[in-house]
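This report refers to the structure that appears directly beneath it.
The values are calculated or read from the model by the stated rules, or taken from the named source; none is laboratory data. What you see is a predicted model; the values in this text were computed from it and never measured. Glycine also receives a Cβ, built like all others from the backbone with ideal geometry; neighbour counts cover every protein chain displayed.
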Amino acid sequence: MAVGAVLVLEVVLAIILVAVPAGISQFEWSQLPDVIQQAMGIGLFIQMQLVIIVLSGVVARRVFLFLAGRTYKQAASYGAHGTSRFAKKSELMNGSHFARRTWKKSAQENLRNPSGIIFGLLGNKPLILPEETTIPNRNIFLVGSPGSGKTQSYLLTNLIHEQERSIVVTDPKGEIYETTAKLKEEQGYEVRLVNFLEMNISDRYNPLDYVTKETEAEQVATTIVANSGEKSNSENDFWTRSEIALLKTLLLYVRYECPQEANLAKVKEILTVQGRTPKKMDQFFGNLPTDHPAYQSYQIVRMAEDRTRASIFISLGITLSKFDASDVRKFTEKSDFSLDDIGKKKMIVYCILPIADATWEQLTSTFFTQLFQRLYYVADHHYNKLPVKVNFLLDEFVNIGKIPRFEQVLATCRSYGISISTIVQSMGQLVDLYTKERAEGIIGNCSLRYLLGVSDKMTADYFSELIGKTTIQTRSTSFTKGKEENSSLSKQYGERLLITPDELTRMGRNEGILLISGMFPVKLRKTYQWEFFKGILHDQNRSSRFAYQAPMSLELEDMQEVLAEQVDEEPENEQHEQNLVNYLDQAVERLESRLRSNLTTALEKELDDLLAKLTPTAPDYTEQKFDLLREFFMNMKHNHTD
């Protein structure tokens, strides 16, 4: 401010020096144009030029001194106060960390590039994480505040680009399904829709189809109870643990004693009928053999006093009350596809989640918990590698609910061929759901952390601190005035956050910052799908989620493979043989149910007449029934009545 005032005074003095010799004794601001005109008219042009030259030198010197005293420059290589800096292109795109690729003008050429995770543009090259990389894992923790473009610049871009791995993508609004389902079909994917928002327009999912042992029953029970309202933050208290123990007992009973009706509706029914009094429930489980898993599990519950047990029954009944709704009963009655298949063949599963609604977190969290379990199971039976690798794109991650041991999944999934993008709007969301300690564990198991936009202090502070401090060189100038003006320039080193929290909140709309384990952070330009894959997605290629029907011809193909495998399999013992029979019966029953949902009354009667000709007691009844259903469907399809 002082420097500016001095400059103004010097200009005024210069004008007066011109004006006085020109014969003007009293100078007024309003006379300024006349003064200049007179000066020019009486031959003082040369004198004016000299003054202007002197003035220019004074102004230039003062501006230089002003800037020199206020500026700094990066000096990360000096390193006394911090070494953080932004990474160079040559450090990243060397083939071992990220791929050496250029951005083609043709969208089709970009599609022909090998699969990999696209983050953004570094200069004119896309930063793509290839399948084989020296980076510890392919897990991404992505933060994007509302309006930061995470759907268009990350989710859709990578959904279009991925053509080799199976994909599981959360789709809060259903827009991703409608935009990309037809494209993924064209790319050879089997498309599935699990709609937790509108369950009558969805593939069905029965959690009990994946309960085959006690540990799995306990995992389902824990997930359902932990995601039921207030109990979600108090997993270790007495009432929560008691509910888990009782629900585990009921799941085991239904799975072993009611294989044809093994679903959550049956669990709720038994609890309602048998749980009217502790004595009745004791008698119910007391009739089981002492080595039965449900009998053994119930002994833990029975240790509580009668009044306490009655409270546990009521509490669990409230927890399971949501499963009484007719659409939920139907949705969880059977499974229309196997979770195992996601790791065996190229599939994409769109999971529509309710937005800002925790009503179905019991189901959504159970679905993902079991999906990770089944993929690990498949990998374990294929030399610890999935036959088809899987990419998870978990947008609005906190809407899924709490996934038990999710940190451990992130820590171990790479070796099985799984990569996970955990996407949130802010750090606070994750901390509120998982606690600070668990949130740190989740983030710590992601080798890549990507910031697309931030609007809150917690997130800005976290990323600014994570990006780190750098060393800066500051210059200060001092000068003294006298007969001769002297100045001196000194240099000092200090520390500064490479990018401060407030600078992060002002980050450009098209910018993102990627942090990579063991490397310097990198500034990127976002790769919007309409630029990178221009014209690939268009309105004529949309699919309405309201018209979704599970692909029945695929079910028939899958069922035929399952029958062939199971018929050829030698049972290990009598119980194993019975389990195989039950599994096949359920699968054929599920197929029949799907077929009937597409039949007119006349066609349904025709099917009933054909089934009536079969002999239910025949040893190969299940195989005969499947062959009949398959032939009926193929004839119906051939006659264009499907």
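Brief remarks on what is shown
- Inside region 275-291, residues that are crowded, with 16+ Cβ neighbours inside 10 Å and at pLDDT below 95 make up a count of 2.
- For region 118-164, the set of residues classified as among the basic types (Lys, Arg) and more than 16 Å from the chain's Cα centre (by Cα) consists of Lys125 only.
- Filtering region 321-350 to residues that are over 17 Å from Ser419 (Cα atoms) and hydrophobic (A, V, I, L, M, F, W, C) leaves Phe323, Ala325, Val328, Phe331, Phe337.
Residue-wise test of (1) in a strand (DSSP E or B); (2) at pLDDT 95 or above.
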| residue | (1), (2) |
| --- | --- |
| Ser464 | no, yes |
| Ile472 | yes, no |
| Ser490 | yes, no |
| Gly508 | no, no |
| Gly518 | no, no |
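- Residue check, Arg255 among the charged types (D, E, K, R) and surrounded by fewer than 17 Cβ atoms within 10 Å (Cβ to Cβ): no
- Residues being more than 44 Å from the chain's Cα centre (by Cα) and without any contact (Cβ under 8 Å) to a residue 12 or more places away in the chain - total across region 286-306: 5
- Verdict on Val409 being of a type outside the set (Ser, Thr, Tyr), outside any loop (DSSP other than H, G, I, E, B) and more than 24 Å from Thr179 (Cα to Cα): yes
- Test result for Thr622, more than 19 Å from Ser338 (Cα to Cα), among the polar types (S, T, N, Q), out of contact with any helix residue (DSSP H, G or I) (no Cβ under 6 Å at 6 or more places or on another chain) and modelled with pLDDT of 80 or more: no
- The numbered conditions (1) crowded, with 21+ Cβ neighbours inside 10 Å; (2) outside the structural domain of Glu190 (by TED's automatic domain parsing); (3) not in a helix (DSSP H, G or I) are all true for Ile348 except (2).
Yes/no per residue for (1) crowded, with 22+ Cβ neighbours inside 10 Å; (2) modelled with pLDDT under 95; (3) of a type in the set (A, V, I, L, M); (4) part of a loop (DSSP other than H, G, I, E, B):
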site: Lys173; (1), (2), (3), (4): no, yes, no, yes
site: Val194; (1), (2), (3), (4): yes, no, yes, no
site: Tyr205; (1), (2), (3), (4): yes, no, no, yes
site: Thr212; (1), (2), (3), (4): no, yes, no, yes
site: Glu218; (1), (2), (3), (4): no, no, no, no
site: Ala221; (1), (2), (3), (4): yes, no, yes, no
site: Glu230; (1), (2), (3), (4): no, yes, no, no
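- Near pairs, Cβ below 6 angstrom, 6+ apart or cross-chain, from region 500-529 (farther than 19 Å from Arg85 by Cβ) to any residue that is at pLDDT 95 or above and loosely packed, with under 14 Cβ neighbours inside 10 Å: none
- Residues (at pLDDT below 95 and not in a helix (DSSP H, G or I)) located in region 351-368: Leu353, Pro354, Ile355, Ala356, Asp357, Ala358, Thr359, Trp360
- Taken as a whole, the structure leaves Gly512 outside the set of residues that are at pLDDT below 90, over 30 Å from Glu623 (Cα atoms) and either outside the structural domain of Arg138 (by TED's automatic domain parsing) or among the small types (Gly, Ala, Ser) (or both).
- Matching residues, region 116-164, being part of a loop (DSSP other than H, G, I, E, B), crowded, with 20+ Cβ neighbours inside 10 Å and charged (D, E, K, R): Arg138, Glu162
- Yes/no for Tyr177 being in contact (Cβ under 8 Å) with a residue 24 or more places away in the chain, among the aromatic types (Phe, Trp, Tyr) and assigned to a helix (DSSP H, G or I): yes
- Near pairs, Cβ below 6 angstrom, 6+ apart or cross-chain, from region 251-275 (farther than 19 Å from Lys330 by Cβ) to any residue that is hydroxyl-bearing (Ser, Thr, Tyr) and part of a helix (DSSP H, G or I): Leu252/Ser297
- Among residues of region 386-406, those that are part of a strand (DSSP E or B) and among the polar types (S, T, N, Q), counted: 1
- Residue within region 305-314 that is surrounded by fewer than 22 Cβ atoms within 10 Å (Cβ to Cβ), assigned to a loop (DSSP other than H, G, I, E, B) and touching a Leu at 6+ places or on another chain (Cβ under 6 Å) present: no
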